[in-house]
Amino acid sequence: MRGNKASCWVFFFLFIFSSFPAESHGKTMKQIEALDTLQKAKLHGNSGIDTNLFEVENGAENHKIHPQEGLKEKDRIDMLPGQPHVGFSQYGGYVTIDESKGKALYYYFAEAPFSKKSLPLLLWLNGGPGCSSLAYGAMQELGPFRVHSDGKTLYRNRYAWNKVANVLFLESPAGVGFSYSNTTSDYRNGGDRKTAKDNYAFLVNWLERFPEYKNRDFYISGESYAGHYVPQLAHTILHHNKKANGPIINLKGIIIGNAVINDETDELGMYQYFGSHALVSEKTIRQMEKHCNFSPGATSQSKECRKASEEALSNIDGIDIYNIYAPLCFNTNLTVRPKKVTPEFDPCSDYYVYAYLNKADVQKALHANVTKLKYDWEPCSDVIQNWTDSASTIIPLLREFMENGLRVWVFSGDTDGRVPVTSTMASIDTMKLSVKTPWHPWFVAKEVGGYTEVYKGDLTFATVRGAGHQVPSFRPKRALSLIAHFLSGTPLPRRSSKH
């Protein structure tokens, strides 16, 4: 029988973030709200959210391979509106995963400009749950383009990850971004198991459309709540590979950043980060550590815990908790002419992407919104109503991957306060792993890119110095070096170099 454990202290955290200033985020504050909304729901014992360990959903073996002949060339994108000239191929379109339900997921694919036939295939997933990998991963983080402040034109991302891999972005589950279903129950009830099942069905069909990648080394990457999506999809792939007595998908490893992986340590570590970074007084943090119950089974909290939580509210209000040192966006208007591009990430980028992806000519070029959805494209879904299952931990899945010889990397932008480095370090510590390579700085272009420690069993932990929750947005050069070393299976460099 599946349980329904929830944590009462999560309520106080949600209370804190519900008061963030609307003018700094507006419409696109929803990426911040998505994870918090789920955690708030998990608080209530009668929420119906199953927090048991992830298992492959019943009926997952019944996925159907649909005819794909000729669809690859139909998906080819000649050029996006306002796009500079590029030397790589890009594709976008829908993959039907359930014909009877009218369910199809949207993807965008950027091949490498060089060595595309030998470089691996890398899937990127954003989290939420319910947020778009096109909105964030493709258009603001690691994709080949970023959107100018006019909301009409694009410029090249110098540190795009398709320099080292063929990169696939997927909007999932149905109801996120351009992905859709004609069956209302798919929007009424989402969840981890259904998402993993649908993501797997997408992959096996997409590989039929792009058969040249069937035997290619395959890696899965993502951030935030994709700390659930990525391991759960990897587990599903291993499940099917074992049943088939051979690799249906040639999975080699996973990499997750600022990832939700273990509720108890994620939340305790978050408060400890607040204290260690002078956002909340040490006295308040000591009170919380003394009086708050951070265990998954907690159902009530003391008066002292509630008071400390309220004090935290008054201190956290007014900053971007996803990058505690970043400026906020106070002017959400588009500009007539593009602003000069600077090395610093523009905090209003959400608004530029929203405007661009809702343009009719852009959607036509992307082969998106072909069914003329009744709602705008949004960075995080307004359509999905409930999330029915969310495991309290995915640590057992990380252990499974290590036992099966998969490469596992976990990274943390060290200025993220929502799923901070302290949380991830505490979560990994619960695994009681033996250290292979002790903690040391790693370098990019003569500068410390961050710090890393490698554990026996092929798990690498790395920080990215000066990066917030969306690491490739804030420190793109360091993020590119990180992913390049992950894909090549080489350690992060211990000494400074020119590269």
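Highest mean first, the peptides 81-88, 188-195 sorted by other C-beta atoms within 10 Å per residue fall in the order 188-195, 81-88. Legend: distances between Cα atoms for Lys117/Lys252; Lys74/Lys242; Lys72/Lys214; Lys197/Lys359; Lys117/Lys436; Lys163/Lys359; pairs beyond 24 Å are Lys74/Lys242; Lys197/Lys359; Lys117/Lys436; Lys163/Lys359. Projecting the Cα positions of Val341, Leu398, Pro379 onto the charge dipole of region 341-401 (unit charges on Cβ atoms of Lys, Arg, Asp and Glu, taken about the Cα centre) puts Pro379 furthest along the positive direction. Shown are Val454, Val464, whose ranking by accessible area with a 1.4 Å probe and every protein chain present, most to least, is Val454, Val464. Where a ≥ b ≥ c are the square roots of the eigenvalues of the C-alpha gyration tensor, would you call region 79-221 rounded, which needs a/c under 1.5, or, failing that, prolate if a/b is larger than b/c, or oblate? Since a/c reaches 1.5 but b/c is at least a/b, the shape of region 79-221 is classed as oblate. Based solely on its DSSP helices, what 222 nm [θ] is calculated for the chain when runs of n ≥ 4 H residues each add -39,500 (n - 2.57) and the sum is averaged over all residues, nearest 500 deg cm²/dmol? Per the formula, -9500 deg cm²/dmol. Region 64-115 and region 336-377 have Cα centres separated by 18 Å.
The mean accessible area for residues of region 258-350, using a 1.4 Å probe and ignoring ligands and nucleic acids, is 54 Å² per residue.
Taking every DSSP beta bridge that has both ends in the chain, the antiparallel portion is near 50%. With θ taken as phi - 60° and the Karplus curve 6.51 cos²θ - 1.76 cosθ + 1.60 applied, the whole-hertz 3J(HN,Hα) list for region 479-491 is 5, 5, 4, 4, 5, 5, 5, 4, 5, 7, x, 10, x Hz, x standing for glycine and proline. Give me the percent of the accessible area of region 76-164 that comes from carbon and sulfur atoms, probe 1.4 Å, all protein chains in place. Carbon and sulfur together cover 50 percent of it. Within the straight-line cut-off of under 13 Å between alpha carbons, the aspartates and glutamates reachable from Lys340 are Asp150, sequence neighbours fewer than 8 places apart in one chain being disregarded. The ratio of the alpha-carbon radius of gyration of region 309-360 to the globular-protein estimate 2.2 N^0.38 Å is 1.50.
Taking the DSSP beta bridges with both ends in region 344-492, the antiparallel portion is around 65 percent. Remark: region 355-499 carries 42 Å² of accessible area per residue (probe radius 1.4 Å; ligands, DNA and RNA excluded). Sparsely packed loop sites in region 245-339 (the chymotrypsin sites (Phe, Trp or Tyr not before Pro) outside DSSP H, G, I, E and B with at most 11 other Cβ atoms within 10 Å) comprise Phe330. Beyond 42 Å, the tail of the calculated P(r) for the chain holds 11 percent of the Cα pairs. Computed from backbone phi, the HN-Hα couplings of region 152-169 come to 10, 10, 10, 9, 6, 8, 4, 10, 5, 6, 6, 6, 10, 7, 8, 10, 10, 10 Hz, rounded to whole numbers (Karplus: 6.51 cos²θ - 1.76 cosθ + 1.60, θ = phi - 60°; Gly and Pro given as x).
The longest stretch of the chain left intact once loop-based GluC sites (Glu not before Pro) with at most 13 other Cβ atoms within 10 Å are removed from consideration, loops following DSSP, is 100-343.
On a per residue basis, region 111-186 carries 26 Å² of accessible surface, using protein heavy atoms and a 1.4 Å probe. Give the aspartates and glutamates whose C-alpha is closer than 20 Å to that of Lys283, dropping any in the same chain fewer than 8 places away, or say none. Cross-link targets: Glu267, Glu304, Glu310, Glu311, Asp317. Calculate the length of the line joining the C-alpha centroid of region 445-498 to that of region 138-163, in whole Å. Comparing the Cα centres of region 445-498 and region 138-163, I get a distance of 21 Å.
The values are calculated or read from the model by the stated rules, or taken from the named source; none is laboratory data. Keep in mind it's a predicted model, so treat the numbers as computed, not measured. Cβ coordinates were reconstructed from backbone atoms using ideal geometry, including for glycine residues, and neighbour counts include every protein chain displayed. Each accessible area value is taken on the protein alone, full model and side chains, heavy atoms only, with ligands, DNA and RNA left out. Shrake-Rupley method; radii C 1.70, N 1.55, O 1.52, S 1.80 Å.
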